[in-house]
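To keep things clear, I will list the structure first and then write my remarks on it.
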Amino acid sequence: MDYANLISGGHPQALPEDRPLMNSRVLGMVNFGPVFQKPVLEEGSPFLSLRMTSADEKGFVEQWTAGPAQASVSGDLVYAHDGEYLFCAAEIPASERCRNLTRETYLAAFELMDELGYPRLFRMWNYIPRINEDNADGLEIYRDFCAGRSEAFELYGRRRHLPMPAATGIGAQGGNIAFFFLSCRSGRVTFLENPRQMPAYTYPRQYGPRSPSFARATCVQHDALGVLNLYISGTASIIGHETVHRSDLMRQCDVTLENISLLIGRDNLIRHGIETPADLTLRDVDFIKVYVRHAEDIPAVRRRCREAFAPHANIQFLNADICRSDLLVEIEGIIT
Ligand code: 3HB
């Protein structure tokens, strides 16, 4: 699968007018800009706009492309698929508590994957406004969201085994909760954990009524094509299950980068039965998103990330709240 991160002032790249409506190579587009718009089909492709910047920031558009794709809408789900990959985006409508609608929307998404024949869910992104604020019952919105998501995995899992994918769960500056995900038909998928982090789905009760449902990374392999892609979840300054270096931005950056290095390092890949021709390091990570809680911290985080990642790596920095109020930075990326 190709991944193109188009920088176009917060608006999708103009698409050629002669593009056949049902034969686009665009599986989905996500705008990281100043305005939220629920997923729609735009020019025949799924398009979601997240409020992730202030009004005067440029933002960027992420475009997922694959083979000739068919796009459609089913209830709240907007999706496209090409025979191997499914991209799907959804909004979770606003309510005083999001648990039930999160569960129902997730279940609808799982059913769509099943119906269309793309059961191997490998990467999800969840954007959650007011993530660290309380809902109507005094429960943090992220924890409320996690409860509904976890129920969806549990309920669906009774029918068909569905391992938890790599994911991101991060704040948005407005709009409604929205998610998008990628699943595939025949790729070999392996879900990775980090040797020095407790799996998030086994976090103790202190972090909420139900644990977050995600793996630390997913490896997707198409052996016949010689393709190996590694999707790294949102990663932060957590060791075991605890946040470390609570108010120290640079130390949080360093632990986060170390966590990614350990996750993608040879020992951990071998532990998960994955063989790569060469050792993977931070220099191999691309399509990076860095979420920074305080806008004024972005320059320092940018400098640190520019040193750590390859000079040609595509890195986007976003000012966003992170799922735990003591986390200051979170980093995700892809190795292709
Ligand atoms: C999540 O809840 O899906 C999640 C949250 C994070 C990092 C990765 C995944 O802060």
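Do you know which of the residues in the range 318-333 that are open to solvent by 20 Å² or more (accessible area, probe 1.4 Å) and acidic (Asp, Glu) is farthest from residue 297 (Cα to Cα)?
326
Scan the range 75-94 and report the pairs whose first residue is touching a residue at least 60 places away in the same chain (Cβ under 8 Å) and more than 12 Å from residue 106 (Cα to Cα) and whose second residue is of a type in the set (S, T, N, Q) and outside any strand (DSSP E or B), with Cβ atoms within less than 9 Å and a gap of 6+ or a chain change.
That search, which allows pairs on different chains as well, returns 84/186; 93/105; 93/176; 94/176.
Can you pull out the residues in the range 207-236 that are small (Gly, Ala, Ser), away from the ligand (no atom under 11 Å from the Cβ) and either surrounded by 20 or more Cβ atoms within 10 Å (Cβ to Cβ) or over 21 Å from residue 123 (Cα atoms) (or both)?
Let us first name the residues in the range 207-236 that are small (Gly, Ala, Ser), namely 208, 211, 213, 215, 217, 224, 226, 233-234, 236.
Add one more test, that the residue is away from the ligand (no atom under 11 Å from the Cβ), and what stays is 224, 226.
Passing the criteria: only 224.
From 281, 276, 243, which residue is among the β-branched types (Val, Ile, Thr), in contact (Cβ under 8 Å) with a residue 24 or more places away in the chain and either buried (at least 21 other Cβ atoms within 10 Å of the Cβ) or away from the ligand (no atom under 16 Å from the Cβ) (or both)?
Sole residue among the options that is among the β-branched types (Val, Ile, Thr), in contact (Cβ under 8 Å) with a residue 24 or more places away in the chain and either buried (at least 21 other Cβ atoms within 10 Å of the Cβ) or away from the ligand (no atom under 16 Å from the Cβ) (or both): 276.
Which is over 23 Å from residue 190 (Cβ atoms) and within 13 Å of the ligand (Cβ to nearest atom), of 304, 293?
293
What is the number of the single condition among (1) open to solvent by 10 Å² or more (accessible area, probe 1.4 Å); (2) touching a Pro at 6+ places or on another chain (Cβ under 7 Å) that residue 96 does not meet?
For residue 96, the failing item is (2).
Quick one: which residue in 123, 185, 143, 159 is in contact (Cβ under 8 Å) with a residue 12 or more places away in the chain, more than 16 Å from the ligand (Cβ to nearest atom) and basic (Lys, Arg)?
Answer to the selection: 185.
The values are calculated or read from the model by the stated rules, or taken from the named source; none is laboratory data. Given the structure is predicted, the values throughout are model-derived calculations rather than measurements. Note that we place each Cβ from the backbone using ideal geometry, even for glycine, and neighbour counts take in every protein chain shown. Side chains are part of the model used for accessible areas, which takes the heavy atoms of the whole protein and leaves out ligands, DNA and RNA. Shrake-Rupley method; radii C 1.70, N 1.55, O 1.52, S 1.80 Å.
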